[in-house]
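I have placed the structure first, in the form of structure tokens, so that the comments after it can refer back to it.
The values are calculated or read from the model by the stated rules, or taken from the named source; none is laboratory data. Remember, predicted model here, so these are calculated numbers, not experimental data. Counting neighbours? That spans all protein chains shown, and the Cβs are built from the backbone with ideal geometry, glycine included. Quick note on the areas: whole protein, heavy atoms, side chains included, nothing else; ligands and nucleic acids left out. Shrake-Rupley method; radii C 1.70, N 1.55, O 1.52, S 1.80 Å.
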Amino acid sequence: VQLQASGGGLVQAGGSLSLSCEASGITSFSNYYMAWYRQAPGKQRELVATIRYIGSTNYADSVKGRFTISRDNTKNTVYLQMNSLRPEDTGVYYCKANRRFSAVDYWGEGTQVTVSS
């Protein structure tokens with residue numbers, strides 16, 4: 001399984017970015033629980049948002065109402081729409097995949113998001 005994240009960049013506070021994470025080497029993407037994490041410089045990696053097999057979602061309190069996670073099982077892709085970005089949203093964003101009933105996690109390489117004040 002390989003995950004390729006893209007869509008990061010530099011944006012001013014209040015702006016928007018849309019991240020994508022495409023999975024390859026997967027036979028049934030709909031059986032994968034997908035998540036976005038981020039890691040700011042000098043800080044631990046933290047969970048941002050998750051989306052389950054049936055599409056139910058969950059968000060960190062810090063991004064609720066601003067970020068939206070979604071998935072397209074026909075494209076083996078998970079998205080993260082980020083609105084009203086803040087400088088504290090800066091970090092490397094990673095996607096993670098976990099197959100149903102499996103303890104194995106797959107991580108992408110990450111994409112840098114920088115929000116200037």
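Reported count of residues in segment 62-85, each being touching a strand residue (DSSP E or B) at 6+ places or on another chain (Cβ under 6 Å), open to solvent by 40 Å² or more (accessible area, probe 1.4 Å) and touching a residue at least 60 places away in the same chain (Cβ under 8 Å), is 2. Does segment 93-109 contain any residue that is touching a Gly at 6+ places or on another chain (Cβ under 8 Å) and surrounded by fewer than 19 Cβ atoms within 10 Å (Cβ to Cβ)? Within segment 93-109, none of the residues are touching a Gly at 6+ places or on another chain (Cβ under 8 Å) and surrounded by fewer than 19 Cβ atoms within 10 Å (Cβ to Cβ).
Of the listed requirements (1) open to solvent by 50 Å² or more (accessible area, probe 1.4 Å); (2) touching a residue at least 24 places away in the same chain (Cβ under 8 Å); (3) under 18 Å from Val92 (Cβ atoms), Tyr33 misses just one: (3).
Within segment 2-15, the set of residues being outside any strand (DSSP E or B) and either in contact with a strand residue (DSSP E or B) (Cβ under 7 Å, 6 or more places away or on another chain) or open to solvent by 50 Å² or more (accessible area, probe 1.4 Å) (or both) comprises Gly7, Gly8, Ala13, Gly14. Among the residues of segment 16-30, write down those that are exposed (fewer than 13 other Cβ atoms within 10 Å of the Cβ) and under 18 Å from Val104 (Cα atoms). If the condition is that a residue be exposed (fewer than 13 other Cβ atoms within 10 Å of the Cβ) and under 18 Å from Val104 (Cα atoms), then Ser24, Gly25, Thr27, Ser28 are the ones that fit.
Within segment 47-61, if we keep just the residues that are open to solvent by 30 Å² or more (accessible area, probe 1.4 Å), closer than 23 Å to Ser102 by Cβ and not hydroxyl-bearing (Ser, Thr, Tyr), the residue that is nearest to the chain's Cα centre (by Cα) turns out to be Leu47.
In this structure, Pro41 does not satisfy being exposed (fewer than 14 other Cβ atoms within 10 Å of the Cβ), more than 12 Å from Gly108 (Cβ to Cβ) and touching a Ser or Thr at 6+ places or on another chain (Cβ under 7 Å).
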